[in-house]
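The values are calculated or read from the model by the stated rules, or taken from the named source; none is laboratory data. Keep in mind the model is a prediction, meaning the values are calculated, not measured. Cβ atoms come from the backbone with ideal geometry, glycine included; neighbour counts cover every protein chain shown. Heads up: the accessible areas ignore ligands, DNA and RNA and are worked out on the full protein's heavy atoms, side chains in. Shrake-Rupley method; radii C 1.70, N 1.55, O 1.52, S 1.80 Å.
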Amino acid sequence: DVTYETLLAETHGAVTLLRLNRPNALNALNSQVLRDLIAAFAAYDADESQRCLVLTGSEKAFAAGADIKEMQPKGFSAMYGENFFAGFERVSAARKPWIAAVAGFALGGGCELAMMADYIIAADTAQFGQPEIKLGIAPGMGGSQRLTRAVGKAKAMQMCLTGRMMKAEEAERASLVAQVVPAARLLEEALAQAQAIAAMAPLAAMANKEMVNAAFETGLAHGLLFERRLFNGLCATQDKVEGMAAFAEKRAPQWHGA
Ligand code: CAA
């Protein structure tokens, strides 16, 4: 297991578990957290033995936002010059699947980071929000776009304009999260789903992720074409041959990853 300053990383077979670990700041996302996340996600994407990842926080907070104390002295030139949040694009660009397991606060950048995941599983204690307006700012890591795509204009606009929090149950109803589970079972459930994904053919997992993501980038006709091309491509893999043979022979498939 690798050690990062602000992240705890463990492997559970083919699943990487990352825990944000800045308990004194409710896991606020400062530049060290960003550096650690970039390194951990790059390591995950590059490691052929790892097939799914779970990112979680603590019981109290997934992450309470970008680090306000770090942002406080930064004006336009510093933010624009450094392109302060751009590093998070490396996290959202992970090619392999990952799940955010959210308990407690997921606010501002914390909500935005969770929304970069392929999907979110929430504890019944989870609270999501984009409270940036209360600081005189607005979301800066994708909240206005990803939240709106997830929950639609009415709720996204209400949340961004009032800064109110959305509890887990409402978040599931609004399709922000895939599922809500009792807090005590959050990690167990997220890891079980990650293990199930990790047991799939890895190229198929990447392709499924890529296709669903394409739905947010294209019109329907191009999205369908993208899907069909990738589907046809998967039919040229050894794992398609193996998967269908295993079905016909009523046995478990042995994936080749090719
Ligand atoms: N940045 C830096 N430090 C933070 C933080 C943040 N986003 N959120 C919490 N902390 C720190 C607090 O300052 C406090 O530290 P001290 O003990 O040193 O004072 C510690 O974490 C514990 O927090 P609280 O005492 O405030 O805990 P609470 O239970 O009373 O309240 C909370 C919890 C409602 C989440 C509250 O901490 C809060 O409102 N946090 C800020 C939420 C926020 O505004 N997030 C958006 C940030 S802007 C952003 O994210 C921009 C973007 O889009 C990228």
Checklist outcome for this item: Across (1) over 19 Å from the mean Cα position of the chain (by Cα); (2) under 28 Å from Lys74 (Cα atoms), Ala184 clears everything bar (2)
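Of the residues Ala25, Ala64, Ala40, Ala86, only one is open to solvent by 20 Å² or more (accessible area, probe 1.4 Å) and without any contact (Cβ under 8 Å) to a residue 40 or more places away in the chain; which?
So the residue among Ala25, Ala64, Ala40, Ala86 that is open to solvent by 20 Å² or more (accessible area, probe 1.4 Å) and without any contact (Cβ under 8 Å) to a residue 40 or more places away in the chain is Ala86.
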Checklist entry - Has segment 3-13 got at least one residue that is at pLDDT below 95 and open to solvent by 50 Å² or more (accessible area, probe 1.4 Å)? => result yes
Item to check | Tally of residues being free of Cβ contacts under 8 Å to residues at least 40 places away in the same chain and surrounded by fewer than 16 Cβ atoms within 10 Å (Cβ to Cβ) across segment 131-152 | outcome: 7
Checklist entry - Just for helices (runs of 4 or more DSSP H) wholly inside segment 16-90: which have at least 1 residues that are within 9 Å of the ligand (Cβ to nearest atom)? => result 68-71
Next on the checklist: So, in segment 91-114, how many residues would count as being surrounded by fewer than 24 Cβ atoms within 10 Å (Cβ to Cβ), under 22 Å from Glu217 (Cα atoms) and within 15 Å of the ligand (Cβ to nearest atom)?
Outcome noted: 2
Checklist outcome for this item: Of the residues in segment 91-108, those that are in contact (Cβ under 8 Å) with a residue 40 or more places away in the chain and either more than 18 Å from Leu7 (Cα to Cα) or assigned to a loop (DSSP other than H, G, I, E, B) (or both) come to Ala94, Arg95, Lys96, Pro97, Ala103, Gly104, Leu107, Gly108
Next on the checklist: What's the number of the only condition in (1) within 22 Å of Gly108 (Cβ to Cβ); (2) under 17 Å from the mean Cα position of the chain (by Cα); (3) of a type outside the set (Lys, Arg) that Ser31 fails to meet?
Outcome noted: (2)
Item to check | Which numbered condition Met165 misses (of (1) within 16 Å of the ligand (Cβ to nearest atom); (2) out of contact with any Leu (no Cβ under 8 Å at 6 or more places or on another chain); (3) open to solvent by 50 Å² or more (accessible area, probe 1.4 Å)) | outcome: (2)
Checklist entry - What do you reckon, is Ala138 over 22 Å from Leu17 (Cβ atoms), part of a loop (DSSP other than H, G, I, E, B) and modelled with pLDDT of 95 or more? => result yes
Item to check | Val241 being among the hydrophobic types (A, V, I, L, M, F, W, C) and under 24 Å from Ser49 (Cα atoms) | outcome: yes
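Each row is one residue, and each column tells you yes or no for (1) at pLDDT 95 or above; (2) touching a Lys or Arg at 6+ places or on another chain (Cβ under 9 Å); (3) under 22 Å from Met116 (Cβ atoms); (4) in a helix (DSSP H, G or I).
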| residue | (1), (2), (3), (4) |
| --- | --- |
| Cys160 | yes, no, yes, yes |
| Glu169 | yes, no, no, yes |
| Glu210 | yes, yes, yes, yes |
| Val241 | yes, no, no, yes |
Next on the checklist: What's the number of the only condition in (1) in contact (Cβ under 8 Å) with a residue 24 or more places away in the chain; (2) aromatic (Phe, Trp, Tyr); (3) more than 12 Å from the ligand (Cβ to nearest atom) that Phe128 fails to meet?
Outcome noted: (3)
